[in-house]
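Student: Shown below is the structure under consideration.
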Amino acid sequence: MTAHRSSDMTDSGAAVGTSTVTLLRQIQSDAVDPRSISVADRRQLVAFLLGDGYSTAEMSQILKVGDRTIERDKKAIRESNALARDPRLVEQMMGRLVGEAELAVQRIRKAVRDKDTSKALRVDAEHRCYLIISDLVGAMQRLGYLPTAAQKVEADLTHHLGEVPDLAMLQGEVRRLRQICPVDGENAPDTIRQLSLLEQQITQADLASRVEVISSTLNDRGVTHHESE
C-alpha cells in the first residue's frame, strides 16, 4: 500500500509543470492517473479536448470522472473566458482584424507568385483578395470606423437643408414648383408628372400620419377606460 501511494505521488508530482499535450499523453499511456491531477490541470485538459471535438462522455472516460464533473469544468471554462464590456476591446479587435486581413492577402499573393501558376488561379486569388478587403471595409463601417452611404446622404441632407421640413412645407413647395413649371418645353411633361407623383406621396404620408395620431389617441382612451373599470 505504501509503495502504491508513493508511486501515485510520484506520478502526480511528475505531472506538475508539464504541458497540456504531454499530460494528456501520459494519461493515455497510463503513466499518470487522471484522478491524481489538480482541478486546474483537468480543466486545461477539458478545454484542449473541447477544441478537438471530444464529447462530455468521451472526456469523462479519458479523465475518469463523472459527466457532471466535466459539465462543471466546461461551465467554469466558459466563465473564465467571459469578456467584460470594454470600449478598448472594439479597437483591439479592429486592429487584429485589419492585421489578419493584410496577412491573408499577403499569403494569397505569395501562394500564386510562382511563374507556373495558371492565369485562372491568379485571377481567382486576386478576386479573393478583393473579397477580403471588401469584407474588412464592411466590418469597419458596421463598427463606425468608416462612414456608410446612408450616413453620407444623411449628412449631405442635413448640411444642405438644415432642419428637415415637415409635410405641410413639402406640399407647399411642390405646389409652388407646379405653378412655376412651364407647360411647354422638352422636359415639361416629365417634370409635371414627377411633381404630381410627389404631391400624391406627400398626401398619402400626411393621411398616414393623421391615422396614426387618431389610432394612438383611441388606443390610449381604451386603455384608460379599461383600467378605470
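Student: Can you find, within the range 179-224, the residue that is modelled with the highest pLDDT among those that are over 22 Å from MET169 (Cα atoms) and among the small types (Gly, Ala, Ser)?
Tutor: Only one residue tops the list, namely SER215.
Student: Evaluate the following for VAL46: is it out of contact with any helix residue (DSSP H, G or I) (no Cβ under 7 Å at 6 or more places or on another chain), within 20 Å of ASP73 (Cα to Cα) and either among the β-branched types (Val, Ile, Thr) or modelled with pLDDT under 50 (or both)?
Tutor: For VAL46, the condition - out of contact with any helix residue (DSSP H, G or I) (no Cβ under 7 Å at 6 or more places or on another chain), within 20 Å of ASP73 (Cα to Cα) and either among the β-branched types (Val, Ile, Thr) or modelled with pLDDT under 50 (or both) - is not met.
The values are calculated or read from the model by the stated rules, or taken from the named source; none is laboratory data. Small disclaimer: the values here were computed from a predicted structure and weren't measured. FYI the Cβ positions are ideal-geometry reconstructions off the backbone, even for glycines, and counts take in every protein chain you see.
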